[in-house]
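Chemist: I am attaching a structure below and will ask some questions about it afterwards.
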Amino acid sequence: MPVATVVGVVTSWQVHNTHRDWVHRQQAACRHMPAPKAEFIAAWAGPALGVSAVVVCVMLARWIRRRYGVRMWETKRGLVAFVGVLPNVVTILLELSTLYATYHPLHTGSILGDCG
């Protein structure tokens with residue numbers, strides 16, 4: 001789960017980098033170009049990873065409770081999962097805002113510069 005949280009944040013960073021490179025290519029070509037599919041794939045991967053980490057954590061908590069009769073954070077694996085999912089609440093919001101920005105209409109309206 002900590003890995004899914006970190007990879008989710010990395011995908012949000014990748015969306016930003018892909019968009020920046022796309023804008024530079026548009027400006028160099030002096031024409032509007034379609035947005036790259038990799039940007040949309042990375043934008044969807046972030047929230048998917050974040051939500052899946054939370055789901056796996058809940059499933060692990062239920063399994064630990066059923067098998068050992070203790071709370072999740074009372075075992076070593078459960079504590080690692082719990083600590084890994086706590087920051088995921090914030091990262092899911094970041095990933096959802098990145099997804100929103102990817103599909104927002106202003107996203108495609110980059111300024112091409114001086115193409116005179």
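Chemist: Please list Ile41, Ile64, Ile92 in order of solvent-accessible area, largest first, computed with a 1.4 Å probe with all protein chains present.
Modeler: Ile41, Ile92, Ile64
Chemist: Could you run the Karplus curve 6.51 cos²θ - 1.76 cosθ + 1.60 with θ = phi - 60° over region 14-23 and give me ³J(HN,Hα) per residue in whole Hz, x for Gly and Pro?
Modeler: Here the 3J(HN,Hα) series is 5, 4, 4, 5, 5, 5, 4, 5, 5, 5 Hz.
Chemist: Now, a different point. Positive end of the dipole of the chain, charges at C-beta (+1 Lys, Arg; -1 Asp, Glu), about the Cα centre: which of Cys57, Val85, Tyr100 has its Cα farthest in that direction?
Modeler: Cys57
Chemist: Would you kindly derive the ³J(HN,Hα) couplings of region 84-92 from the backbone phi angles with the Karplus curve 6.51 cos²θ - 1.76 cosθ + 1.60 (θ = phi - 60°), listing them in order in whole Hz, with x for Gly and Pro?
Modeler: Once rounded to whole Hz, the list reads x, 8, 4, x, 5, 4, 6, 5, 4.
Chemist: At 222 nm, what value in deg cm²/dmol follows for the chain if DSSP H runs of at least 4 each add -39500 (n - 2.57) and the sum is divided by all its residues, to the nearest 500?
Modeler: Computed mean residue ellipticity for the chain: -26000 deg cm²/dmol.
Chemist: Separate question: Could you tell me whether region 6-65 comes out rounded, prolate or oblate from its Cα gyration tensor? Rule is a ≥ b ≥ c as square roots of the eigenvalues, rounded for a/c under 1.5, then prolate if a/b exceeds b/c, otherwise oblate.
Modeler: Taking the square roots of the gyration eigenvalues as a ≥ b ≥ c, region 6-65 is prolate.
Chemist: For the chain, with all protein chains present and a 1.4 Å probe, just round the carbon and sulfur fraction of the accessible area to a whole percent.
Modeler: In the chain, the share of accessible area belonging to carbon and sulfur is 70 percent.
Chemist: Let me ask something additional. For the chain, take the longest principal axis of its alpha carbons; what is the angle in degrees between that and the long axis of helix 37-68, to the nearest 10 within 0 to 90?
Modeler: Taking Cα atoms only, the helix is inclined about 0 degrees.
Chemist: I'd like the trypsin sites (Lys or Arg not before Pro) in region 21-65 restricted to DSSP loop residues with at most 13 other Cβ atoms within 10 Å, sorted by number.
Modeler: Passing sites in region 21-65 are Arg31.
Chemist: Further question on the same structure: Which value, in debye to the nearest 20, describes the size of the charge dipole of region 8-92 about its Cα centre when Lys and Arg Cβ atoms bear +1, Asp and Glu Cβ atoms bear -1, and nothing else is charged?
Modeler: Magnitude of the dipole: close to 400 debye.
Chemist: Can you give the relative contact order of region 11-82 as a percent, counting alpha carbon pairs under 8 Å and 6+ residues apart?
Modeler: So the answer I get is 25 percent.
Chemist: I'd like the distance separating the alpha-carbon centroids of region 45-66 and region 2-17, in whole Å.
Modeler: Distance between centres, Cα-based: 17 Å.
Chemist: How high is the relative contact order of region 55-100, given as a whole-number percent (alpha carbon pairs under 8 Å, six or more residues apart)?
Modeler: In percent, rounded to a whole number, it is 26.
The values are calculated or read from the model by the stated rules, or taken from the named source; none is laboratory data. Bear in mind that the values here come from a model prediction, so they are computed numbers and not experimental data. Glycine also receives a Cβ, built like all others from the backbone with ideal geometry; neighbour counts cover every protein chain displayed. Just so you know, the surface numbers come from the protein's heavy atoms only, side chains and all, with ligands and any DNA or RNA stripped out. Shrake-Rupley method; radii C 1.70, N 1.55, O 1.52, S 1.80 Å.
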